[in-house]
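The structure under discussion appears below in the form of structure tokens.
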Amino acid sequence: MIPIADKNKEALFHYVLRLADNCLILGHRLSEWCGKGPQLEEDIALINIALDHIGRARSLYDYAALLQGLDKTQDTLAYRRDAWDFKNNLLLEQPNGDYAKTIVRSFLYDVFAHGQYRTLASSTDETLRAIAEKSNKEIAYHLVHSKEWMLRLGDGTAESNARTNMALNELWKYTGDLFVCTPAELPLIEKGVIPDSELLKTKWLSDVQAILDEAGLVKPAATFMQSGSQDGKHTEHLGYLLAEMQFLQRAYPDAVWD
């Protein structure tokens with residue numbers, strides 16, 4: 001059980017945990033490109049972005065542990081939960097695929113995170129506000145990076161355009177999961193603690209459409225949206241990702257570097 005005094009605090013705990021899980025899972029996915037990037041400069045850029053995500057995850061896990069009120073740490077929250085306990089959005093656990101798919105996945109999330117954290121920088125919650133203020137410069141750079149690649153791939157060769165459109169069509173069905181709002185979060189929205197997901201969605205759709213138009217890419221037609229991450233329902237990919245990421249901590253609990 002979570003020893004949290006009221007429902008609003010419990011809802012905030014789950015929201016912060018979702019923010020942290022998003023950063024950790026995307027950071028891990030991007031780290032899988034280490035040594036495999038299409039060029040040295042891009043290899044380094046992706047790893048730096050991955051480190052930004054993981055660094056933000058650490059701050060958010062620390063806050064989630066504080067809210068939970070148990071003897072938890074950033075390590076136990078990251079490495080000792082099973083897949084059904086994770087709340088990261090489904091989009092972020094999808095495999096890297098080719099470089100177009102990796103860029104599209106980052107782009108769709110970067111546009112979302114840019115709006116989400118800019119709003120959180122005005123949160124009435126002091127800790128969330130501080131984390132967002134610290135993160136916004138990094139997120140702005142992430143968006144510049146993925147946007148430039150979307151333009152390069154979309155307006156490049158026929159093959160790069162086709163591959164990018166293919167990635168858009170494959171990943172689009174997971175974007176609805178970014179904007180799911182639980183009834184427990186409504187009081188937090190009313191109090192200005194977290195953003196209104198409907199407002200975020202409207203801005204996200206507008207910003208994504210503008211960049212796709214500039215890149216000569218086609219937004220996928222309306223389709224059924226996958227969801228369930230907030231209830232611990234994930235795609236099969238998350239289990240494999242966690243098995244690799246959590247192996248050392250689970251094999252040697254509480255191990256520390258000398």
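Between Leu212, Leu238, the distinction of being modelled with pLDDT of 90 or more, farther than 16 Å from Gln116 by Cα, buried (at least 17 other Cβ atoms within 10 Å of the Cβ) and out of contact with any Lys or Arg (no Cβ under 9 Å at 6 or more places or on another chain) belongs to Leu238 only. Here the range 176-205 is the region considered, the condition is being among the acidic types (Asp, Glu) and either in contact with a strand residue (DSSP E or B) (Cβ under 9 Å, 6 or more places away or on another chain) or exposed (fewer than 15 other Cβ atoms within 10 Å of the Cβ) (or both), and the residue that is nearest to Gln116 (Cα to Cα) is Glu198. Residue by residue through the range 176-203, note down the ones that are over 27 Å from Glu10 (Cβ atoms) and either basic (Lys, Arg) or under 18 Å from the mean Cα position of the chain (by Cα) (or both). Lys203, the sole residue that qualifies. His28 falls short on exactly one of the conditions (1) under 14 Å from the mean Cα position of the chain (by Cα); (2) loosely packed, with under 15 Cβ neighbours inside 10 Å, and that condition is (2). Within the option set Lys147, Lys173, being under 17 Å from Ala210 (Cα atoms), surrounded by fewer than 22 Cβ atoms within 10 Å (Cβ to Cβ), within 23 Å of the chain's Cα centre (by Cα) and basic (Lys, Arg) holds for one residue only, Lys147. Considering (1) hydrophobic (A, V, I, L, M, F, W, C); (2) closer than 25 Å to Tyr117 by Cβ; (3) surrounded by fewer than 20 Cβ atoms within 10 Å (Cβ to Cβ), the lone condition that Leu40 does not fulfil carries the number (2).
For Ala45, the criteria (1) of a type outside the set (S, T, N, Q); (2) crowded, with 17+ Cβ neighbours inside 10 Å; (3) farther than 16 Å from Ile131 by Cβ; (4) modelled with pLDDT of 95 or more hold in every case but one, which is (4). Considering the range 9-125, the qualifying helices (runs of 4 or more DSSP H), each wholly inside and each with 3 or more residues that are farther than 24 Å from Gly239 by Cβ, run over 40-68, 99-120. Beta carbons closer than 8 Å, at least 6 apart along the sequence or on distinct chains, pair a first residue in the range 39-60 that is under 15 Å from Val16 (Cβ atoms) with a second that is β-branched (Val, Ile, Thr) for Arg56/Ile131; Ser59/Ile131; Leu60/Val16; Leu60/Ile131. Tell me which residues, restricted to the range 67-77, are on the phi < 0 side of the Ramachandran plot and in contact (Cβ under 8 Å) with a residue 60 or more places away in the chain. Passing the criteria: Leu67, Gln68, Leu70, Asp75, Leu77.
The values are calculated or read from the model by the stated rules, or taken from the named source; none is laboratory data. Given the structure is predicted, the values throughout are model-derived calculations rather than measurements. No Cβ is skipped: glycine too gets one built from the backbone with ideal geometry, and neighbour counts run over all protein chains shown.
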